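Here the structure is laid out as structure tokens; the discussion comes afterwards.
The values are calculated or read from the model by the stated rules, or taken from the named source; none is laboratory data. Computed from a predicted structure; not experimentally measured. Using ideal geometry, Cβ is built from the backbone for each residue, glycine included, and neighbour counts are taken over all protein chains shown. These accessible areas exclude ligands, DNA and RNA; they are computed on the full protein's heavy atoms, side chains included. Shrake-Rupley method; radii C 1.70, N 1.55, O 1.52, S 1.80 Å.
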Number of protein chains: 2
Amino acid sequence: MAELTEFNLAETIAVLTRTPATLNALLRGLPEIWVQGNEGKDTWNAFDVVSHLIVGERTDWMPRARIILESGEGRPFDPFDRFAQLLESRGKSLEQLLDDFARLRRENLAALLALNLQPEDLKRRGKHPALGVVTLSELLATWAVHDLTHVHQLSRVMAHQYRYGVGPWSAYLGVLQCAGHSAP
Amino acid sequence: MAELTEFNLAETIAVLTRTPATLNALLRGLPEIWVQGNEGKDTWNAFDVVSHLIVGERTDWMPRARIILESGEGRPFDPFDRFAQLLESRGKSLEQLLDDFARLRRENLAALLALNLQPEDLKRRGKHPALGVVTLSELLATWAVHDLTHVHQLSRVMAHQYRYGVGPWSAYLGVLQCAGHSAP
């Protein structure tokens with residue numbers, strides 16, 4: 001595993017920058033079955049996933065980065081509300097949510113760049129209410145991997161809609177074997 | 001599971017149409033670690049995945065659709081060469097591969113539309129060399145879910161590069177728990 005990369009801010013921003021356009025290309029204008037379909041009772045559809053990403057932009061990533069820089073371990077993060085997306089999305093179309101997400105992400109990345117973080121800043125520590133001590137670089141890496149977790153989930157939720165449509169090919173399609181570890 | 005959708009050609013084409021732009025948004029211009037990184041020995045990186053999708057456009061989906069329409073079960077499909085992408089990608093950049101994939105997909109969807117398939121055509125049967133009897137609708141549904149399987153794989157392969165970078169958050173990130181069932 002030694003070949004796995006060290007954290008690099010520019011490389012992390014490269015992923016974060018691309019997520020809104022990726023979701024836009026994947027989801028905008030899709031027929032309703034792909035957007036409304038979920039994996040069964042109390043699971044998320046594409047609409048819920050984009051709403052959840054918006055809540056993260058508003059309340060999680062940059063607010064937590066600021067807590068680390070301003071208060072360190074002295075002030076634990078506020079817990080992430082994993083149900084707030086239900087309010088966030090009420091009455092909105094998927095297209096409005098995609099636009100909101102793109103705007104908020106753009107604003108947050110501008111704010112991140114404005115911090116002009118130096119290598120020593122990335123080692124600064126904060127306190128997660130459940131996980132304990134974390135660093136700023138771990139927070140920023142998690143922001144990017146959290147995006148990828150939800151791309152992973154979206155591909156799985158969409159594929160699920162054709163679970164029976166593919167007939168015997170289901171045995172060959174990895175995404176249909178995924179048990180759904182993409183917990184929000 | 002009764003709520004899962006029936007196959008619908010327009011809905012399938014809606015997914016197939018979006019995959020090149022999705023991969024383009026996710027991958028084009030990314031720093032090398034995201035494109036070259038894989039999950040360890042003999043696994044695929046982003047470069048390999050796009051090459052594999054190109055091979056599918058050239059040799060699998062539309063050729064098989066034509067075999068079903070022209071020969072039915074009388075002529076089994078040619079097996080899909082899952083290593084042909086090694087030749088396909090030799091000497092090419094990721095950007096060239098993304099362009100090739102987008103062009104081939106566009107040509108194949110134009111050819112699919114030109115077939116002017118009717119509901120009764122979608123029930124026509126062909127013979128898969130390993131899976132046995134399959135229908136045209138199952139082939140087309142599989143084409144779309146195969147795209148989603150590789151989006152699923154790409155998100156997982158990229159996330160893997162930051163497996164250690166996220167620190168204790170790895171416990172919360174579903175994509176890092178995925179065991180890699182996205183067999184090509």
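Residue ranges B:22-35, A:140-153, A:28-41 sort as A:140-153, B:22-35, A:28-41 when ordered by packing (mean number of other C-beta atoms within 10 Å per residue, highest first). Once the C-beta distance of residue A:87 and residue B:71 is scaled by a Förster radius of 51 Å, the resulting FRET efficiency is 0.35 to the nearest 0.05.
Sorted shortest first, the distances from the residue A:119 label point to those of the same residue in the other copies are 6.7 nm; each point sits 7 Å from Cα along Cα-to-Cβ.
The tail of the calculated P(r) for the protein assembly as shown beyond 27 Å holds 48 percent of all Cα-Cα pairs.
Computed over Cα pairs, the Kirkwood radius of segment A:124-169 leads via Stokes-Einstein (1.002 mPa s, 20 °C) to a diffusion coefficient of 163 µm² per second.
Shortest first, residue A:86 label-point distances to identical copies amount to 5.2 nm, with the label point at 7 Å from Cα along Cα→Cβ. Taking the label point 7 Å from Cα in the Cβ direction, how far apart in nm is residue A:164 from each other copy of itself, listed shortest first? Spacings between copies for this position, smallest first, are 4.7 nm. Where chain A is rotated onto chain B, the residue of A whose Cβ comes nearest the axis, and that gap in whole Å, is A:25, 2.
Tell me the per residue accessible area of segment A:105-158 using a 1.4 Å probe; a whole number in Å² is fine. Let's see the in-between values first.
On the way: 2020 Å² over 54 residues.
Using a 1.4 Å probe on heavy atoms only, each residue of segment A:105-158 averages 37 Å².
Charged neighbours of residue A:127, selected by a Cβ distance under 11 Å, balance to +2 (K, R count +1; D, E count -1).
Buried accessible surface for the A/B chain pair comes to about 5600 Å², total over both chains, computed with a 1.4 Å probe. Shown for chain A are the DSSP H helices of 24 Å or more along their axis, judged by Cα atoms, with a mean Kyte-Doolittle hydropathy of at least -1.0: A:9-27, A:94-114, A:136-160. Quick check: the distance between the Cα centres of segment A:105-184 and segment A:18-71, to the nearest angstrom? Here the two parts' Cα centres lie 10 Å apart.
Report the FRET efficiency, 1/(1 + (r/R0)^6), for residue A:17 and residue B:115, where r is their Cβ-Cβ distance and R0 is 35 Å, rounded to 0.05. Mind dumping the intermediate values first?
Working: r = 39 Å, r/R0 = 1.12.
After rounding, the FRET efficiency stands at 0.35.
Based on Cα contacts under 8 Å between residues 6+ apart, chain A shows a relative contact order of 29 percent.
Computed over protein heavy atoms with a 1.4 Å probe, the carbon and sulfur contribution to the accessible area of the protein assembly as shown reaches 52%. Equivalent-ellipsoid semi-axes for chain A (Cα gyration tensor, √(5λ), whole Å, largest first): 31, 19, 16.
Remark: segment A:9-91 carries 44 Å² of accessible area per residue (probe radius 1.4 Å; ligands, DNA and RNA excluded). Once divided by 2.2 N^0.38 Å, the Cα radius of gyration of segment A:96-184 becomes 1.52.
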